[in-house]
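The values are calculated or read from the model by the stated rules, or taken from the named source; none is laboratory data. Just so we're clear, the structure is a prediction, and the values are computed from it rather than from any experiment. Note that each Cβ is placed from the backbone with ideal geometry, even for glycine, and that neighbours are counted across all protein chains shown. All accessible areas refer to the heavy atoms of the entire protein, side chains included, with ligands and DNA or RNA removed. Shrake-Rupley method; radii C 1.70, N 1.55, O 1.52, S 1.80 Å.
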Amino acid sequence: MALQPFRTTPVNTDWMPPGILYIVLNEAAERFNYYGLNSILVVFMTRYLLDRAGHPAPMTEAHAGAWYHVFVSCVYFLPILGAFLADAVLGKYRTVLYLSLAYCAGNFALALDDTRLGLVLGLGLIAVGSGGIKPCVSANVGDQFGAANQHLLARVFSWFYFAINFGSAFSTLLIPWLLDRVGPRAAFAVPGVFMVLATLVFWLGRREFVHVPPVGIPTYLRALGRRENLRALGNLLILVPFAAVFWGLWQQNFSSWVLQAYHMDRHLFGIEWLPAQIQTVNPLFILGMLPLFSYAIYPALNRVFPVTPLRRIGLGLFCMVGAFLIVAWIQTRIDAGGHPSILWQILAFLVLTASEILVSVTHLEFAYTQAPREMKSLIMCTYLGSVALGNVFTAAVDFFIQNPDGSVKLAGASYFLFFAGVMAVTAVIYVVAAGFYRGRTITQDEAAAA
């Protein structure tokens, strides 16, 4: 019996597309892997790294933080490669499938080698795999929708983000525990198993997806040069520097916030939590706050003034200032010899999570709906590229502040106050710049008919 051919256009129905379940399950498993790795990388580099002879060879905290942000910037710069392969050469499905195999190999390279060689090889493969699939997975969500069910798109992007945080919530509890109790090999191998499962789930959904075929390199290059497409790209690039500063601060919950937690009282509910486990509250807050924002906060605000995507982003930028003022205050207590409760950092995570929902979820949806059909994956790189640039900024600051004697120029609370000040200035400039944005929403049906 012949196999059913891949569908290339959305089903004309107002129901949820059948491929969404596979995409969401794939994302949950892949995010378990990625955020599990993220939660322990700085701890691994500062406490578990070995030399070729098997002797301890850890990095300093400043170097580990800087190199961690370099890795994340590579993960988020490489989507431009995945976008080109997906839109012009292979299509989104094959791009995700092939690069996921490199992703799996990177996980097991980390699990088998505790030295800098294993670290570089593993993180390099993960950067190629994770970075390459990023624009394809999120764009693939939008591809499943047409005009009849386009009204469900915003809700599905929220559930897509829910899947990201569902996977990361469990991994940021389990993986630091494995690192502490079993060791780095198990801590890196378990996420690798979940990446294999993510790849398998994606393959199983191949007959349910809408497969938008690649347009070919000549067509792609012509599309890239069209005035309306360049205008769409240029419009979205306006958001990039503002989102970049946001991500430069947000990503520190995996680096500077973890290192701060080592100096805090982490006893809660009768348990002394590991510093790398505290970040679990971020995905847990996301799981609870996404429905709250979607069904309560946004409708309430809309009765007062229209809560447009650009306004949501602006509110989120100001929220991030508040989060960093809280961690700066915590650091002043630590610098004075105190041992503040971890509840204060959890409060900062609550504010950071509100900022994330306002900025990240909105930017993700907004980037897709503004993208021409031939450039869906490439346009998603404006969202992902902002994460990369933000991490380049933080890495550059971390490298710059290091002194030859091992001290740092921005010590203690001044480090967090610096970033809070940068974010405040950025938010004010954004309010002015957002007024110049001009664009229009483009669904898959409209693009296909054009």
For segment 299-318, which residues satisfy the criterion of being open to solvent by 30 Å² or more (accessible area, probe 1.4 Å) and either of a type outside the set (A, V, I, L, M) or under 22 Å from Ala420 (Cβ atoms) (or both)? Pro299, Asn302, Arg303, Phe305, Pro306, Thr308, Pro309, Arg311, Arg312, Leu315, Phe318
I'm trying to understand the selection: among the residues of segment 260-283, which are within 23 Å of Val72 (Cα to Cα) and either touching a Lys or Arg at 6+ places or on another chain (Cβ under 8 Å) or surrounded by 18 or more Cβ atoms within 10 Å (Cβ to Cβ) (or both)? Gln260, Ala261, Leu274, Pro275, Ala276, Gln277, Ile278, Gln279, Thr280, Val281, Asn282, Pro283
Filtered residues of segment 205-232 (kept if out of contact with any Leu (no Cβ under 8 Å at 6 or more places or on another chain), outside any loop (DSSP other than H, G, I, E, B) and not charged (D, E, K, R)): Val210, Ile217, Pro218, Thr219, Tyr220, Leu221, Ala223, Gly225, Asn229, Ala232
Could you run through segment 258-272 and say how many residues are part of a helix (DSSP H, G or I) and more than 11 Å from Ile342 (Cβ to Cβ)? 2
Check Val392, Val387, Val397, Val327 and return the single one that is open to solvent by 20 Å² or more (accessible area, probe 1.4 Å) and in a helix (DSSP H, G or I). Val392
I'm checking my understanding of the structure. Among residues of segment 47-65 that are surrounded by fewer than 15 Cβ atoms within 10 Å (Cβ to Cβ) and charged (D, E, K, R), which one is nearest to Pro404 (Cα to Cα)? Asp51
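Yes or no, residue by residue, for (1) more than 19 Å from the chain's Cα centre (by Cα); (2) modelled with pLDDT of 90 or more; (3) open to solvent by 10 Å² or more (accessible area, probe 1.4 Å); (4) under 18 Å from Ala388 (Cα atoms):
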site: Leu125; (1), (2), (3), (4): no, yes, yes, yes
site: Lys134; (1), (2), (3), (4): no, no, yes, yes
site: Asp143; (1), (2), (3), (4): yes, no, no, no
site: Ala147; (1), (2), (3), (4): yes, no, yes, no
site: Ala154; (1), (2), (3), (4): no, no, yes, no
site: Ser158; (1), (2), (3), (4): no, no, yes, no
site: Ala163; (1), (2), (3), (4): no, no, no, no
site: Ser168; (1), (2), (3), (4): no, no, no, no
site: Ser171; (1), (2), (3), (4): no, yes, no, no
Identify, from the list Pro218, Pro213, Pro184, the residue that is over 22 Å from the mean Cα position of the chain (by Cα) and either open to solvent by less than 30 Å² (accessible area, probe 1.4 Å) or on the phi > 0 side of the Ramachandran plot (or both). Pro184
